[in-house]
Amino acid sequence: MLLLVALFLPWYSRDTDIAGAVISQTWTAWQATPVIATLLFGVAVGAIVAPSVPGAFRGDRLATLLGIFGLLLVLFRAIDMPLPDIDLVQGDHADSNRGFGLYLALLATAGIAYGGQRAARAGPR
């Protein structure tokens, strides 16, 4: 559930100073990386649904795999910021930052992987 919330929070921000005027921009996961946001949405829904599927299906293993996959996606986007390029002239500058939503998604995907691993150690139900 935390991952679903994180997708709608700011993941990136940039303050651009052009001739003394500062322009602030923020992007959510859906705005900056719609494909990865869609995959992370699937990870979140899969992690919520996996434990409730009956039968020989091992929801704990699926949750672990989904968490690791999601964690890799978020780490990739934490390292490689997908912000659009801007042309600056001498004297202008831009400061790009990672937002709270990105760190929350990192925590959420790590939690999904950890929770799946803990459930797997506890054994099948």
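The values are calculated or read from the model by the stated rules, or taken from the named source; none is laboratory data. Everything numeric here is computed off the predicted structure, so don't read it as measured data. Heads up, the Cβs are rebuilt from the backbone with ideal geometry, glycines too, and the neighbour counts pull from every protein chain shown. Heads up: the accessible areas ignore ligands, DNA and RNA and are worked out on the full protein's heavy atoms, side chains in. Shrake-Rupley method; radii C 1.70, N 1.55, O 1.52, S 1.80 Å.
Give me the percent of accessible area attributable to carbon and sulfur for the stretch 1-107, probe 1.4 angstrom.
67 percent
Lys/Arg Cβ at +1, Asp/Glu Cβ at -1, dipole of the chain taken about the Cα centre: which of W30, L73, G111 is farthest positive-ward?
G111
Any idea what the dipole of the chain comes to, in debye rounded to 20, about its Cα centre with Lys/Arg Cβ at +1 and Asp/Glu Cβ at -1? Mind dumping the intermediate values first?
Working: 8 positive and 8 negative charges, 219 e Å.
That gives a dipole near 1060 debye.
Ignoring ligands, DNA and RNA, what accessible area per residue does the chain give at 1.4 Å, in Å²?
On the way: 7440 Å² over 125 residues.
Accessible area per residue, the chain: 59 Å².
Starting from the Cα of S24, step 7 Å along the direction of its Cβ; do the same at L75; then give the gap between the two resulting points in nm.
Taking the simple label geometry, S24 and L75 are separated by 3.2 nm.
Would you work out which of A120, L62, G42 lies farthest towards the positive end of the dipole of the chain, given +1 charges on the beta-carbon of Lys and Arg and -1 on that of Asp and Glu, about the Cα centre?
My answer, from the dipole projection, is A120.
Starting from 0.36 nm per residue, how many nanometres of slack lie between R61 and F41 once their C-alpha separation is accounted for? Each step should come with its number before you reach the end.
Values: separation 20, 0.36 × 20 = 7.20 nm, distance 1.84 nm.
That pair, R61 and F41, stretches by 5.4 nm at full extension.
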